[in-house]
Every structure is written in structure tokens, then in C-alpha cells.
């Protein structure tokens, strides 16, 4: 009994304290060092922040270069996939365009009317700053759904700015470096966005799930959304302007739970628009 | 003399492939998200670090593993130092197993690898949730652990083959 405990202690000591062949540091020294970095990072210790900033500028660019072969494979895979469904997609799109052309005439009128009414209430919001950025890294880990853009504080990107893929909201800026910035995608578990569900006009919080869809949180318990409902930003909290399309509601037939399928495919982002909003002055 | 050093760099290159692979893995973070397989993910650096720390600890320097962890934190967006700690603990587990093993077998390594990643991922999860108030999807973490464990067997065979060619034992 005594001997086996001694063996255990010797094995542990040898594993963690002894420097191995051609090792410059012992394992325990580096583990302690990592723990110190984690603790100091938690309390926002300045030198750790500088270390982070330096690492980010170097690593984001290196990661972009290293990812070129995988991105190339991704492009080829998508191209082949698109070619295979080209004909059916084309027929569907033709029908859709016909339908949209009709609807656009009606919506044009509504947009003008809405603009006029909002100006009366002095609540007409316009884009203040707009920057088009390239997605450098879209390594969405199983736990965190973020992307890195090639624009940072040098290009007037600031924390909290909205990020759009075409007309659709994809996330917001959560970290700004000098030349790069990190975006928290709507699909991330930590993402919470005030939203409106149309046509009911219901206010709720859209939360990410860590998967490729979102859910409605903090809504009235008995509320069952319209199965074809569209989710837009509500503009509450004045983070984003109201009415940016986010996704479409899909109701699970079995458990009646609503999930939100995002309009934008977050795994296919190449260029995005980063923008902030302000109220229009006369 | 120059010719000699050039030759030594080229001849030593295969010996540095594990560390090179580790850096490619952390900087690229293969995700396969374009295949639409959202439920499939595995931690390649864990497999690589465990195998090479166990079989040829000198092929991966602890200092370099520590830096690779910092790079991984930056790429994935985790608090700085977390991945370094995880990687070094994996090294610790591998080193402990190396010390207590008299007759190595892949199955024993495999089972011990499962224990190692369970402990390390639990610590990682606790740190992120309790210390940094992150919200994490537990099911994604479990899927990641299962695939990492299953794929260890496959990668270990590949690494073993490479080890025999390059290191000769």
C-alpha cells in the first residue's frame, strides 16, 4: 500500500517537476504561468491586455494565411454543390422574382409612408458609419460562434456596431483591435438581441443556441408565434435600428417549440457590412 | 559548413512535423462547417499533444505547446491562457502515463486518453462558466469529447506509422 502511494508520488513528481529531454521548462512552471495569465486576464491587468492585442494582430493574419487551403477546398465544395442544384434553383428563383416584383410595388409605398411618419416623431434613423469588411477567420468553434474581420479601430469600427450580410443582421462587434475586430454571431449562446416578431408585432429577446438557429427568450409564456413569422430587430436599447431582418420562424410539429432560421448562412460569410446608426437631424 | 547546416535542417524537418502540425491545427482550427455537419467536431490538438507527449516527448517542447495554446485562444476567442493550461495538463497526463507504463498498449493509452480529456474538458468548462461567465452548450462539448476519443485510435495508428518511419522506433 505504502509502496504504491510512493510510486504514484514519484510518477507525478517526475511528470510535472522534472524537465524532460530537450525541454527548457518544467511542466509545473508553465502550468502555474498559465494560471497566472488566466487570473490576471480575468481582472483586466494591463500588460495582459497588451499581450492579447499584440497576439491578436499577429495571429489573425497568420490564421488567415494558414486557412487558405481549407478555404479553397470550401469554395470548390460550394461551387460543385451549387452546380448540382443549378437547374432547380433557377426555376424556383424565376417564380420567386415574379412574386417579389409584385410585392415590391406595395412595399415601396409603405417604406415612403413609414419614413414620413417616423420623421414626424423624430425617430427616423439613418446609417452613421458604414464599412465593408472581409471575413478573415470564420473558425466557429463548437462552443463559440464568432468571426474575425479585417477592419478595426483604424477604420472607425467600434464596439457594439451592427454587422450585416446584405440586408440581414448577422451579429455585433464585441472586440476591436487596431486592424481587426471580432464579431459575435447571432447563433452564439451568449448573443441576446431585442427583436420584434411580425406580423404580430410581438417584442421578445432573440437568443443564440450555439447551433445554426436561434430561439425566442423572455417572451410571454403562452405566446405561440405565427408559423411564418419574420423576426426583425426591435430597436429597443438603441443598439440597432428597428426593422433589420434576422430570420424566419419555424414551428416544431411535435413539441410546438419555435426556432428561428437565420436568413444569412453564417458559414458562408465572405464580406460583411459593419455599421452604426444615428437619428436623422433636419 | 553552410551546406552541412542546410542538410541538417532538411534532414531534421520530419522530426519537427508534429509541432508544425500542432501550429497548423491551432491556427486553422479545422471545422468542416461547410459540410453542414454541425454535430461533428473533434479536438485535434488534444490527440496530437497526448500522442506525441506520450511516445516522443522531445518532439513537442512544452514552451512551444504553451505558445500554441495562446494562439488557439486568440483564434477561437477564449480568455487568454485557457488552452495553454488545457494542453499542458494533457502533457502532464501523458507524461504520468509514460512514467507508470512498463508495457505500452494502444488500448490502455486510449482509455487513459478518455480520462485525460474528460478531466481537462471539465476543468475548461468550469473555468469558462464559473470564472468567466460564458454560456456553453454542454451537448456540443460532449459530442466533441466523444469524437475526440473515437478518433484518437485512428490518428494514433497514423502517428505510429509516421513515428516508425521518421524516428525508427
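The table below lists the values:
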{"quantity": "Most fluctuating residue given options A:217, A:268, A:78, as computed from a GNM of chain A linking Cα atoms under 10 Å", "calculated": "A:78"}
{"quantity": "Packing-based order for A:158-166, A:182-190, using average beta carbon neighbours within 10 Å, highest first", "calculated": "A:182-190, A:158-166"}
{"quantity": "Paired Rg and Dmax values of the range A:132-216, which use every Cα atom, in angstrom", "calculated": "13.5, 42"}
{"quantity": "Sorted by Cβ neighbour density within 10 Å, fewest at the top, the residues B:141, B:102", "calculated": "B:102, B:141"}
{"quantity": "Average other protein chain Cβ within 10 Å of Cβ, residues B:132-141", "calculated": "5"}
{"quantity": "Neighbour-count ranking [beta-carbon atoms within 10 angstrom, fewest first] of B:58, A:113", "calculated": "A:113, B:58"}
{"quantity": "Mean shadow area of the range B:39-123, taken as a quarter of the surface of its Cα convex hull (nm²)", "calculated": "6.0 nm²"}
{"quantity": "Overall form of chain A per C-alpha gyration tensor (a/c, 1.5; a/b vs b/c)", "calculated": "prolate"}
{"quantity": "Contact order normalised by residue count of chain B, Cα under 8 Å, 6+ apart, percent", "calculated": "27 percent"}
{"quantity": "In degrees, nearest ten, helix A:86-120 long axis to first principal axis of chain A (Cα)", "calculated": "70 degrees"}
{"quantity": "The range B:2-166: radius of gyration over Cα atoms, expressed as a fraction of 2.2 N^0.38 Å", "calculated": "1.08"}
{"quantity": "Value of Rg to Rh for the range A:128-282 (Rh from inverse mean 1/r over Cα pairs, i.e. Kirkwood)", "calculated": "0.98"}
{"quantity": "Over the range A:67-121 - Rg/Rh using Cα atoms and the Kirkwood inverse-distance radius", "calculated": "1.34"}
{"quantity": "Kirkwood-based shape ratio for the range A:1-70, expressed as Rg/Rh from alpha carbons", "calculated": "1.21"}
{"quantity": "Degrees separating the helix A:68-84 axis from the principal Cα axis of chain A, which is the longest one", "calculated": "40 degrees"}
{"quantity": "Sum of -39500 (n - 2.57) over DSSP H runs of 4+, divided by residues of the protein assembly as shown (222 nm, nearest 500)", "calculated": "-17000 deg cm²/dmol"}
{"quantity": "10 Å Cβ neighbours from other chains, averaged over peptide B:47-60", "calculated": "1"}
{"quantity": "Inter-chain shielding of A:70-80 (mean C-beta neighbours from other protein chains, 10 Å cut-off)", "calculated": "2"}
{"quantity": "Using alpha-carbon coordinates, inclination of helix B:82-100 to the longest axis of chain B, degrees", "calculated": "60 degrees"}
{"quantity": "Protection proxy ranking of B:127-134, B:90-97 - average other beta-carbon atoms within 10 Å, highest first", "calculated": "B:90-97, B:127-134"}
{"quantity": "Surface/4 of the Cα convex hull for the range A:179-240, nm²", "calculated": "5.2 nm²"}
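Just so you know, all these numbers are worked out from the coordinates, no wet-lab data involved. Quick caveat, the model's predicted, so the values are computed rather than measured. So basically every Cβ, Gly included, is an ideal-geometry build from the backbone, and we count neighbours across all protein chains shown.
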